[in-house]
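S.K.: One structure is given below, represented as structure tokens, and several questions about it will come after.
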Amino acid sequence: MNTTKIFITGVGIISALGNSIEETYGSLSAGKVNLGTLDLFDCNINKPCFKAELPAAPSSSKMRTKELADIAFHQAISQAKILQQDSQNELRIGICCGTTVASQLNNISFYRQFRENRVKSFGPVEQYLAGNISEALVKEHNFSGPGLNVVNACSSGSDAIGIAMSWIDQDICDIVIAGGADELNLVPIAGFNSLGILSDSACKPFDKNRNGLNLGEGAAFLVLERESTAQTRNAQLLAECCSYSTASDAYHLTTPRPDAKGLKTAIEQSLSKANLNIDQIDFINAHGTATKNNDAVEGQLFKKLFNKKTKILSTKGYTGHTLGAAGSIDAVLTILSLQKQWLPKNAGFSEQDPEIGLTPVNKSIDFKAEFALSTSLAFGGQNSAIIFRRI
Amino acid sequence: MELLGKGFANKDDKVKNMRRADNFSKMAVSASIKAVTDLDTKNKEKNISIILATQFGPHVTTFKFLDNLLDYSENSVSPTVFSHSVHNAAASYIASALEIIGQTLTITSFIDPLKQAFILADAWLETYQAEKVIICYVEEESAPFTESQLHCNFPSYSKHCFTTGAAAAVVKKGSQIKIPMEVTNPFTFIEEL
């Protein structure tokens, strides 16, 4: 069981749903699905995607992922009342960020020039070196805590929150700003396309006729701290981050384990750490990418493990799969639902898959919820689960 | 923390059942297998976690994927190369090879990733989230990075890491290992544990 109670005192988010928590809630309430065509760079792969609209013209010197991260990060620290002087006083503030794209030097133009022995500028390498999001943010804000990037593929955003909890629990940090960020980029688009898991239309999580995922981009950050730290700073508690657990499938590089053993372990351990039983989970914000394999594994386990009272939904039909940001975007949306006591419908769902036997939330609902579970699955057989409590 | 075993690998190491894997993953698995020689990972010891730390990750494989994009087309790239270019592929291979079902984490930092891995391992051991942790450090040199070093402002720590190899240590709770303020050379640090 967790001994340290950890709370969320600030959240920030940018995705296809909007550039703030208010815009995100507005879009979700209106049931907006902002799916569009890819226009960020030349690409012959004609698959729809969820693009975030940056409020200002993109900077040529900054990676797009870092721009997305900056927006969500500043919203989160602003809500949590983390001031410039906090970085100069005795508070140990750390940053942990999940990403996939920002961890790779994948600038095609630079690489083409390098191959042809005619590099004009090493700017893209400098940009990459400055693009380790956590290290850059720690440096920019003069924080004294650690800055670490988590590169656990699609569960990175959740795992960053888990690391943040460990840092606070072990008194390595007083405050941790944890989250994830990823941009739409040709490498994952071509890669996911080669795996045959990109949908030609709007994705349909848990639906019988689901045919793949839509890639998306965005960022989300959460400010985590002990209640005592928050009280001292006069920061408002938004939700409790009750527990985090993760387990490996040890099965396959790209396919989730069919018996969902790793995911089951992660969920059971997170329940145990939070001292909860399975009936106390009011809703699950599932990974739910709308691929055949992911939704079958998740859905069948949920059906077996949880009772009918527990609502299940995926928000990927609104945001797309934002890779390293997905876990943290899901976490922010989970907290939003707990605060509003409201769930959006599982966009894209219309027909139950008999192989899963589960109907997710198929219309938006007001309801009383105290505890919610957010799950993330990733390449490499990673399964992570986080439980949040309403304040 | 207390050391239970350590292992090292280079790009020439051969690993069974990993024909399709890239060198980055092969080195990570080889070093980890050597490090866990005395552990019974497949039967009794289930509460083992993995932390893979790296500065630059499998960028040789990323460049191979970019070769695919440039030489063929966006529609005919190799899914195998793509899946190996994902940073956590190596940790996934370690988990599969050793049948480890605990936590599996891959972290990057340009400043001091191995130190961060040890700090996190210590936190997991102290809070009983793991009984043992395999910490694996991997880097791979490549022409673009070697050339870029001459023109770009790489963090000073990086200068120790332009090499190809993997080093792994298995640790449990104890007081033998003290985490230093800075791990100047990750390979030497594990060697001298």
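The values are calculated or read from the model by the stated rules, or taken from the named source; none is laboratory data. Bear in mind that the values here come from a model prediction, so they are computed numbers and not experimental data. Glycine also receives a Cβ, built like all others from the backbone with ideal geometry; neighbour counts cover every protein chain displayed. Ligands, DNA and RNA are stripped out before the accessible areas are found, and what is left, the full protein with its side chains, is counted by its heavy atoms. Shrake-Rupley method; radii C 1.70, N 1.55, O 1.52, S 1.80 Å.
S.K.: Mind ranking A:3-13, A:379-389, A:160-170 by how tightly packed they are, going by the mean number of other C-beta atoms within 10 angstrom, highest first?
M.R.: Result, highest mean Cβ count within 10 Å first: A:379-389, A:160-170, A:3-13.
S.K.: How far is the Cα center of the stretch A:127-162 from the Cα center of the stretch A:198-222, in Å?
M.R.: 25 Å
S.K.: Checking an interface number: how much accessible area is buried between A and B, summed over both chains, with a 1.4 Å probe, in Å² rounded to 100? Numbers along the way, then the final one.
M.R.: Numbers: alone 16030 and 10050 Å², together 21150 Å².
The contact between B and A buries close to 4900 Å².
S.K.: Can you tell me the dipole magnitude for the stretch A:245-390 around its Cα centre, using point charges on the Cβ only (Lys, Arg +1; Asp, Glu -1), in Debye to the nearest 20?
M.R.: 300 debye
S.K.: Would you mind checking A:K273/A:K368; A:K261/B:K115; B:K34/B:K132; A:K273/A:K309 for any pair whose Cα atoms are more than 20 angstrom apart?
M.R.: A:K273/A:K368; A:K261/B:K115; A:K273/A:K309
S.K.: Using each residue's phi in the stretch A:276-284, evaluate 6.51 cos²θ - 1.76 cosθ + 1.60 at θ = phi - 60° and report the 3J(HN,Hα) Karplus result to the nearest Hz, with x for Gly and Pro.
M.R.: Calculated HN-Hα couplings, in order: 10, 9, 4, 6, 7, 7, 7, 8, 10 Hz.
S.K.: Still on this structure, I have one more. Using the heavy atoms of the protein chains alone and a 1.4 angstrom probe, what is the accessible area of the protein assembly as shown per residue in square angstrom?
M.R.: Each residue of the protein assembly as shown exposes 36 Å² on average to a 1.4 Å probe.
S.K.: Another question, then. Whole-Hz ³J(HN,Hα) for each residue in the stretch A:22-37, computed from phi via Karplus 6.51 cos²θ - 1.76 cosθ + 1.60 with θ = phi - 60°, x for glycine and proline: what do you get?
M.R.: 5, 4, 4, 5, x, 5, 4, 4, 7, x, 6, 10, 8, 7, x, 9
S.K.: On alpha carbon coordinates alone, what is the Rg over Rh value for the stretch A:6-232, Rh being the Kirkwood radius?
M.R.: Looking at the stretch A:6-232, the ratio lands at 1.00.
S.K.: Can I ask one more? Run the quick spin-label model on B:K11 and A:Q280: label points 7 Å from Cα toward the beta carbon, then report their separation in nm to one decimal.
M.R.: In this crude label model, B:K11 to A:Q280 measures out at 5.3 nm.
S.K.: May I pose another question? Given a Förster distance of 35 Å, report the FRET efficiency between A:K120 and B:R20 from their Cβ-Cβ distance, rounded to the nearest 0.05. Write out the running numbers ahead of the final one.
M.R.: Numbers: r = 36 Å, r/R0 = 1.03.
Efficiency, rounded to the nearest 0.05: 0.45.
S.K.: Based on the Cβ-Cβ distance from A:E227 to B:I177, what FRET efficiency comes out when R0 is 45 Å, to the nearest 0.05?
M.R.: 0.85
S.K.: Scan around A:H321 for amide H atoms under 5 Å from its own, H built in the peptide plane at 1.01 Å from N, and keep only partners 5 or more places away or cross-chain.
M.R.: A:N214, A:L215, A:G216
S.K.: Could you give the nm distance between label points at A:E23 and A:K340, where each point is 7 Å from its Cα heading toward the beta carbon?
M.R.: 1.6 nm
S.K.: Further question: In nm, to one decimal, how far is the modelled label at A:K32 from the one at B:N185, with both set 7 Å along Cα→Cβ?
M.R.: The answer from the label model is 5.6 nm.
S.K.: If you count, for each residue, the other Cβ atoms within 10 Å and average over each peptide, how do A:214-223, B:61-70, A:274-283, B:124-133 line up from highest to lowest?
M.R.: A:214-223, B:61-70, B:124-133, A:274-283
S.K.: Let me test this: with uniform point scatterers at the alpha carbons of the protein assembly as shown, what is the Debye-based log₁₀ I(q)/I(0) at q = 0.12 1/Å?
M.R.: Normalising to I(0) and taking log10 leaves -1.15.
S.K.: About the Cα centre of the stretch A:6-232, how large is the charge dipole given +1 on each Lys and Arg Cβ and -1 on each Asp and Glu Cβ? Please answer in debye to the nearest 20.
M.R.: 760 debye
S.K.: Quantify, in whole percent, the carbon and sulfur part of the accessible surface of the stretch A:288-391 (1.4 Å probe; protein heavy atoms only).
M.R.: Working: 1510 of 3350 Å².
Accessible surface attributable to carbon and sulfur in the stretch A:288-391 totals 45 percent.
S.K.: Moving on to the next point. Hey, if you put +1 on the Cβ of every Lys and Arg and -1 on every Asp and Glu Cβ in the protein assembly as shown, which of A:G162, B:P180, A:N107 ends up farthest toward the positive end of that dipole?
M.R.: Sorting the options by dipole projection puts first A:G162.
S.K.: Hey, another quick one. Of all accessible surface on chain B at a 1.4 Å probe, what whole percent is carbon and sulfur?
M.R.: 48 percent
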